[in-house]
Amino acid sequence: MRIVFVISRLKNGGAEREVAAFANELADMGEEVHIVCTKEEKDDYAVDERVHRHVLHPARRSIPKLRGVCNRLSMTAQLRKIRADVILEFVVRHEHYVPLILATLFSKTKLIYTVRLSPGKGNPNEMEQLKHRLAFCFADGVWIQTEDQKPFYPKWIRKKMFEVRNILFPAFLQLERKKREQVVHFISAGRLHPQKNQKLLIEAFERMIRRTGNTSATLTIYGTSQKNYRWAEDRLRELVEQLGLQDRVFLPGRAQDIGTKYAEADAFVFGSDYEGMPNALMEAMAVGLPCISTDCPTGPSVLIESGKNGLLVPVEDVEAMACAMQYLIENPQEANRLGRAARQRMKEWGTPRELAEQLLENLRRSLG
């Protein structure tokens with residue numbers, strides 16, 4: 001089968017990581033796999049040499065007033081040239097919907113759209129939400145990460161949906177984390193973006209240490225901001241200074257070996273307002289970290305059964321997050337138990353090969 005993933009770029013991000021992971025696994029299974037990017041940038045994720053790489057280039061010559069139309073037609077022609085059996089759309093910009101639809105219209109190529117975030121959350125204005133919904137009219141299938149995403153959509157879209165979970169890299173399960181006698185070092189990871197709400201984590205941490213008088217706890221937040229969200233990172237750093245936490249809260253940027261950072265930490269905290277399926281939370285659980293997460297739509301509640309293999313707190317609830325942090329500090333043995341249960345949960349998640357086979361089965365069903 002000739003499978004084409006279309007994504008903006010393979011820069012740091014959950015969707016980008018999943019494209020690389022599934023593409024590599026499918027290529028290893030003998031499928032012909034292509035990754036088409038709408039932007040030409042250096043990759044953050046390794047792609048197997050058997051995976052074909054393409055970049056959609058805009059039209060070289062066009063009348064200024066018709067530039068948008070010419071660019072879309074040029075991208076359509078480039079996609080059609082690959083002669084894919086199936087095209088999987090991964091979080092491309094809304095202006096790329098038309099080339100994707102035209103590339104599959106009146107052809108044997110099937111089009112699969114993916115749902116990567118809680119529906120409606122990633123599309124802030126009504127016009128963009130309308131475009132997103134209309135795009136599903138032309139989809140032959142819709143790939144969701146969890147069944148919890150289905151209820152957000154009308155029945156006619158649900159009929160096209162199939163679930164395939166995110167791939168968890170086995171390397172995280174291979175890391176060994178020793179039992180902790182105390183919980184001191186909290187860690188978080190993710191894009192520095194309002195969606196991830198690292199502001200909640202900082203404020204909750206400050207409230208916890210002010211209330212308890214704790215002098216040793218630290219919070220390290222790994223991640224970087226995208227170019228158009230640098231202001232979000234600046235505000236986080238300003239908040240740290242404003243609260244006088246420069247020696248307790250750290251924002252060191254992106255970690256090259258995040259697995260090692262997880263293994264060295266005592267607990268993981270996650271403050272997102274909304275998600276699809278959070279890779280960072282999956283990885284932290286796989287390493288065996290006791291995890292606290294907001295119970296946001298969707299994802300965390302699929303991974304965590306609160307009190308059994310982690311702790312869930314309400315979205316945007318600073319007090320609840322502070323209390324959960326304090327609970328782990330005051331109950332290190334319970335933290336160890338939650339970490340072991342979290343690791344066991346991820347051992348049962350499914351291997352990359354099993355998940356790739358599940359995706360391939362659904363793609364064949366769409367073709368059939």
Looking at Ser306, is it modelled with pLDDT of 95 or more and of a type in the set (S, T, N, Q)?
yes
Please work out if Ser306 is of a type in the set (Gly, Ala, Ser) and surrounded by fewer than 21 Cβ atoms within 10 Å (Cβ to Cβ).
yes
Among the residues that make up region 207-216, is at least one of them closer than 28 Å to Met282 by Cβ, of a type in the set (Gly, Ala, Ser), in contact (Cβ under 8 Å) with a residue 12 or more places away in the chain and not assigned by TED's automatic domain parsing to the domain that holds Asp44?
no
Quick check on my filter: what residues within region 203-239 are among the hydrophobic types (A, V, I, L, M, F, W, C) and closer than 19 Å to Glu316 by Cβ?
Ala204, Phe205, Met208, Leu219, Ile221, Ala232, Leu236, Leu239
Which of the residues that make up region 311-345 are surrounded by fewer than 19 Cβ atoms within 10 Å (Cβ to Cβ) and closer than 17 Å to Glu181 by Cβ?
Tyr327, Glu330, Asn331, Pro332, Gln333, Glu334, Arg337, Arg340
Residues in region 216-268 that are crowded, with 17+ Cβ neighbours inside 10 Å and aromatic (Phe, Trp, Tyr) total 3
Count - residues of region 171-214 that are polar (S, T, N, Q), under 19 Å from Arg237 (Cβ atoms) and in a helix (DSSP H, G or I):
2
Checked Gly271, Gly299 against criteria (buried (at least 19 other Cβ atoms within 10 Å of the Cβ), closer than 24 Å to Glu18 by Cβ and either without any contact (Cβ under 8 Å) to a residue 12 or more places away in the chain or touching a Lys or Arg at 6+ places or on another chain (Cβ under 8 Å) (or both)); the one match is Gly271
Residue selected from region 107-166 under the condition within 19 Å of Pro300 (Cβ to Cβ) and of a type in the set (A, V, I, L, M), by the criterion modelled with the lowest pLDDT:
Leu117
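The values are calculated or read from the model by the stated rules, or taken from the named source; none is laboratory data. Keep in mind it's a predicted model, so treat the numbers as computed, not measured. In this analysis, Cβ positions are derived from the backbone assuming ideal geometry, glycine residues included, and neighbour counts consider all displayed protein chains.
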